[in-house]
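See structure below.
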Amino acid sequence: MRQRQARPCSIRRAVSALVAIGVGLWCFMHYQFALTQQAQRAARAPEPVIAPEPVAHHSSGLFAKLSEKTTVAPPAKPAPKPPSRNDTCAHGIVALTYASHPGRDDRFCRSLESAIRNGLDLRVLGWGVKWEGLSQKLGAALRAVEELPADCPVVFTDAYDVLFTQGESAMRKAFDAIKADLVFSAECGCWPQVTRDRGKTCRDEYPPSPTPYRYLNSGSWAGRASVAAKFLRAIGADATSVDFHKLNDQELASELYLRRGFPGLQLDHHAKLFQAMHSINDDTLVPNCDPRPHLREVDGVWRNTLTGSTPAVFHFNGGGKRHHLLMEARTWWKRCRTAQTVDALEKVAATKLLFNGVRRSFGDVCPGHLAKARGAADHDCDLST
């Protein structure tokens with residue numbers, strides 16, 4: 001009886017063992033099959049595609065066949081160019097002026113037109129800024145030159161009583177000929193020192209000059225950007241107070257020059273770059289001096305016969321303002337048949353200059369000016385004859 005009961009148990013154990021062995025064999029075979037499939041997929045996988053070096057495009061021959069058979073990744077797009085900044089010296093010299101508004105008359109527009117006519121990419125600082133005083137322009141000039149390459153020559157002029165008669169190339173040539181890192185315009189008048197001691201400082205303390213143009217005029221200067229920045233800081237241009245803005249920039253610059261406080265500063269005694277037009281006709285305090293008799297117009301360009309120079313900037317300071325319109329009338333760009341045609345005027349009107357870093361067209365800033373100031377001495381041009 002006991003032997004009959006033990007036999008079914010042995011059978012059950014044998015069946016369980018066979019099931020376990022079968023499951024194990026099935027798992028092992030499935031594992032081997034999975035490994036085989038993975039190896040086959042790896043064998044069939046293509047090599048990574050590496051874009052070849054760009055080659056010149058050819059419509060036939062070997063290069064065409066290679067192009068048909070080779071999968072080439074698309075070329076990377078070039079990095080976008082950074083936005084243009086007002087920090088270049090592309091033309092060899094940078095011309096700056098300061099004007100917060102168009103002025104009471106049209107002489108600012110005449111100044112702009114003269115710059116455009118001579119191909120000068122003039123940059124106007126301070127446009128739209130509230131006017132506080134003469135020395136306000138110094139801070140704007142300092143910020144502008146600090147953005148430029150250190151050795152870039154900069155020309156800075158007044159805005160409302162100036163005519164430009166040469167372009168950037170001639171300006172750079174004149175600046176290089178002076179051989180100074182910083183040069184100011186020289187003039188006949190000694191302001192404001194002449195008002196203090198009846199001209200004693202002007203006669204005795206100002207360095208001598210080889211020409212009648214002996215005294216510093218701050219309305220026009222030129223210098224390497226780094227040197228100009230150093231000079232502007234020396235006269236306090238980094239100040240931002242209204243009190244500083246109200247100071248006389250002519251006095252600040254001339255006093256530093258008289259004290260020999262900025263070595264290397266020179267004056268343009270021979271008017272190679274700048275011609276100041278103020279005259280002295282009473283030699284009680286300083287010698288008589290009048291630049292106008294020495295100026296001759298040749299083919300629409302003004303030359304100084306005393307110094308043999310062709311100034312690029314005429315500054316009609318002081319009493320020289322009476323010569324402004326008369327001399328402009330004889331420039332080449334006031335000649336009807338060559339520069340006052342409709343096409344020529346439209347080109348001027350469309351030309352854009354920088355106003356506080358924003359390009360604006362002449363026609364936008366000075367609407368209607370060209371029609372009103374057309375022709376020599378503001379007389380209409382009759383182009384029908």
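FYI, it's all coordinate maths here, none of it is from the lab. All figures in this text were calculated on a predicted structure; none of them were measured in a lab. With ideal geometry, Cβ positions are generated from the backbone for all residues, glycine too; neighbour counts draw on all protein chains shown.
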In nm, give the distance between the simple-model label positions of residue 296 and residue 283, each being 7 Å from the Cα along the Cα-to-Cβ direction.
2.5
Antiparallel versus total DSSP beta bridges in region 264-385: what percent is that, nearest 5?
75
Residues with amide H under 5 Å from that of residue 276, placed H, sequence gap 5 or more:
186, 315
What is the ratio of the Cα radius of gyration of region 94-378 to 2.2 N^0.38 Å, where N is its residue count, to two decimals?
0.97
Given the pairs 137/334; 230/321; 130/352, which span a C-alpha to C-alpha distance of over 27 angstrom in this model?
137/334; 230/321
At 7 Å along the Cα-to-beta-carbon direction for both residue 337 and residue 130, put a label point, then send me their distance in nm to one decimal.
5.4
The alpha-carbon center of region 276-344 and that of region 203-272 are separated, in whole Å, by 23
Step through the residues of region 155-162 one at a time and calculate ³J(HN,Hα) from phi using the Karplus curve (6.51 cos²θ - 1.76 cosθ + 1.60, θ = phi - 60°), rounding each to whole Hz and writing x for Gly and Pro.
10, 10, 9, 5, 10, 9, 9, 10
Report the local net charge at residue 269: Lys and Arg +1, Asp and Glu -1, summed over other residues whose C-beta lies under 12 Å from its C-beta.
0
